[in-house]
Amino acid sequence: MKLKIGIALSVIVLVCCIISFALPWYQIEKKETKILDKVVVQYSWKKFSCQTDGEDKLTLNYDDDEIDSNSIATKLCVASALVNPLSVDNISKILNSSLSFLVIASALALGTALLQLILLLSPKLCRSCVWKLLCIGCSIATIVMLFISFFTFLGAPKAFYDDTEVLSANLLGACEERWCDKIIGDDDYFKWLPGGGWWSTLCGCFTALVAGIFTLASHR
């Protein structure tokens with residue numbers, strides 16, 4: 001029974017990894033004022049998006065050389081949010097590093113689930129403790145990779161600062177006490193915090209830990 005619970009939890013870890021791939025990892029929200037609508041900026045693995053309340057979401061790849069010269073709406077959106085996608089070298093490196101560890105963690109989580117399934121379906125074949133040790137080893141490695149992916153992104157404030165510093169004093173002033181200083185916060189004008197992908201990775205960390213404990217406690 002404990003092994004079955006461990007398998008179910010390993011599946012949840014895989015789901016957490018999939019969610020982490022799918023959802024944005026950071027969000028900056030410019031709050032609505034009497035003059036300006038709310039603007040939401042999101043950072044994903046390869047894309048930067050900006051959306052003004054009531055309008056379509058505008059998306060740019062990090063490797064775009066420049067904002068489309070015909071897209072006035074895009075320029076207005078990023079200007080209103082006081083961010084600029086033209087300088088994202090450092091934040092994209094942080095995202096790519098987190099992505100690399102997440103990919104490794106996903107592969108290890110899949111391997112853990114398959115080994116658990118083998119232990120469940122072939123108890124006679126797997127009487128040797130080697131199989132169980134392999135399973136526990138994969139589970140520990142999954143936890144480590146997910147935690148590294150999670151904690152790597154804590155370098156985002158410095159990355160935002162380094163990217164913004166090369167642009168203008170106006171933009172640097174807007175972010176210096178906000179997302180260029182701490183990863184999560186809220187004030188009268190802005191709200192900034194990690195996105196669902198980051199939190200899903202943390203959820204996967206602890207779920208993988210519990211899955212490993214149940215596997216270790218099983219009698220297979």
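The values are calculated or read from the model by the stated rules, or taken from the named source; none is laboratory data. Just so you know, these numbers come straight off a predicted model, no measurement behind them. Don't worry about glycine lacking a Cβ; one is built from the backbone with ideal geometry, like all the others, and counts go over all protein chains shown.
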- Item | Subset of segment 128-145 (residues that are of a type outside the set (A, V, I, L, M, F, W, C), surrounded by fewer than 18 Cβ atoms within 10 Å (Cβ to Cβ) and in a helix (DSSP H, G or I)) | G137
- Item | Verdict on T164 being of a type in the set (V, I, T), under 30 Å from V130 (Cβ atoms) and modelled with pLDDT under 85 | no
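Do you know which residues across segment 15-26 are surrounded by fewer than 19 Cβ atoms within 10 Å (Cβ to Cβ) and either over 10 Å from the mean Cα position of the chain (by Cα) or part of a helix (DSSP H, G or I) (or both)? Write out each step before concluding.
Here is the first cut: in segment 15-26, the ones surrounded by fewer than 19 Cβ atoms within 10 Å (Cβ to Cβ) are 15, 18-19, 21-23.
Matches in segment 15-26: V15, I18, I19, F21, A22.
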- Query: Any residue at all in segment 99-120 that is modelled with pLDDT of 85 or more, crowded, with 19+ Cβ neighbours inside 10 Å, under 25 Å from the mean Cα position of the chain (by Cα) and within 30 Å of D37 (Cα to Cα)?
  - Reply: no
- Residue within segment 33-55 that is under 24 Å from L110 (Cα atoms), in contact (Cβ under 8 Å) with a residue 40 or more places away in the chain and assigned to a helix (DSSP H, G or I) present: no
